[in-house]
Amino acid sequence: MLKISIIIPFYNVEEYLDKCLNSVRSQTFKDIEIICVDDCSTDNSYKIAKLHAIDDHRIKIIRHRKNLGLGGARNTGIHCAKGEYIASVDSDDYILPNMLEVLWKEAENSRFDIVCCGFEKVDLSANVLAKISFSDEIIVNSNNSINIFSKINPAFWNKLWRRSLFVENDIFFPEHCYFEDMPTMPRLMAKAINIKTISDRLYKYLIRPDSITTSYSAKHIMDYFKGFELLYDFLEGNDLVTRYKNDFLVYIDTNMTFYSTKIIESNMDENTKSQYLRYLLVMKMGFIGSIERVRSKSQDELLFLLKTTLSQKNIDV
């Protein structure tokens, strides 16, 4: 069986894609396939990928007929992958030449479901902005003994994943969602048994001025809570609500703290910042206080409650 499938989704990244693909093609570990998923790019991204594919038979390009977002593009790659393990590189990032070789060696003949390495945040000039390392550790998740929300960083890209974690458990990324990693990584962690973290910093994560963590809209707020509900669905469906309730609440707080800090640091005017934070807080309070009670209600019941003064004591939310 092919050892590693590397998934590279891309959309209008002509400035960055060449460097990304070169870093993957130059890996010292050779038993790989490179799955490039074009999510309806309108610039020269596809042409760049095509030129690489002409020179490297390991590259397969899949073109979406409809834009599905980063999560949907990753799902396409996962469904097409043939490797025992999956790795992924975001199209504006790049990796060190030995990353896959080190991760494969650390997997110890398929002993581990997930192998996670450190990474560095870099700017457009390759200056290192932050260094993130993990301890060299073996984590055994027997009987849901670990905190699936915080044991390792909730990102897809600095890891090897056993492909069966996705396909056998029907765990995939939400489409058209700004924060697709947030509801997906804990679900995978819950299904993994043996996990390994290593200290080597092998992944270069580019901080772009136009990244989604520096942009804000009503959809950003909605997508956070869509992700939280997806996680709640998973916990409920796997009888894990009681086990992880407190950890889940902390995870919500952690994500809200991260995002609200970004809002404060943004270039919004002060009144808009306060308004945004108010709406975010209302959504958080409503989700935590009411999600268990409202999730089973029909559309008609929800519409009725939305049209009704909720201060009336006879309204059973």
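Things worth noting here:
- The numbered conditions (1) basic (Lys, Arg); (2) in contact with an Asp or Glu (Cβ under 7 Å, 6 or more places away or on another chain); (3) buried (at least 18 other Cβ atoms within 10 Å of the Cβ) are all true for Lys82 except (3).
- Elements of type strands (runs of 3 or more DSSP E) in segment 17-107, at least 1 residues being among the β-branched types (Val, Ile, Thr) and in contact (Cβ under 8 Å) with a residue 40 or more places away in the chain: 32-38, 85-88
- Summed over segment 169-226, residues that are on the phi > 0 side of the Ramachandran plot and at pLDDT below 95 total 1.
- Filtered residues of segment 65-96 (kept if out of contact with any Phe, Trp or Tyr (no Cβ under 9 Å at 6 or more places or on another chain) and either farther than 12 Å from Arg163 by Cα or modelled with pLDDT under 95 (or both)): Arg65, Lys66, Leu68, Thr76
- All positions within segment 64-79 that are surrounded by fewer than 22 Cβ atoms within 10 Å (Cβ to Cβ) and either charged (D, E, K, R) or at positive phi (or both): Arg65, Lys66, Gly69
- Residue that is surrounded by the fewest Cβ atoms within 10 Å (Cβ to Cβ), among those in segment 232-249 that are part of a helix (DSSP H, G or I) and touching a residue at least 24 places away in the same chain (Cβ under 8 Å): Leu249
- Tally of residues being in contact (Cβ under 8 Å) with a residue 12 or more places away in the chain and of a type in the set (Gly, Ala, Ser) across segment 108-125: 2
- Failed item, numbered, when Gly286 is tested on (1) in contact (Cβ under 8 Å) with a residue 12 or more places away in the chain; (2) part of a helix (DSSP H, G or I); (3) surrounded by 12 or more Cβ atoms within 10 Å (Cβ to Cβ): (1)
- Some residue of segment 170-179 being among the aromatic types (Phe, Trp, Tyr) and either in a strand (DSSP E or B) or free of Cβ contacts under 8 Å to residues at least 40 places away in the same chain (or both): no
- Of the residues making up segment 6-33, those that are closer than 12 Å to Tyr94 by Cα, surrounded by 19 or more Cβ atoms within 10 Å (Cβ to Cβ) and more than 19 Å from the chain's Cα centre (by Cα) number 5.
The values are calculated or read from the model by the stated rules, or taken from the named source; none is laboratory data. No experiment lies behind these values; they were computed from the predicted model shown. No Cβ is skipped: glycine too gets one built from the backbone with ideal geometry, and neighbour counts run over all protein chains shown.
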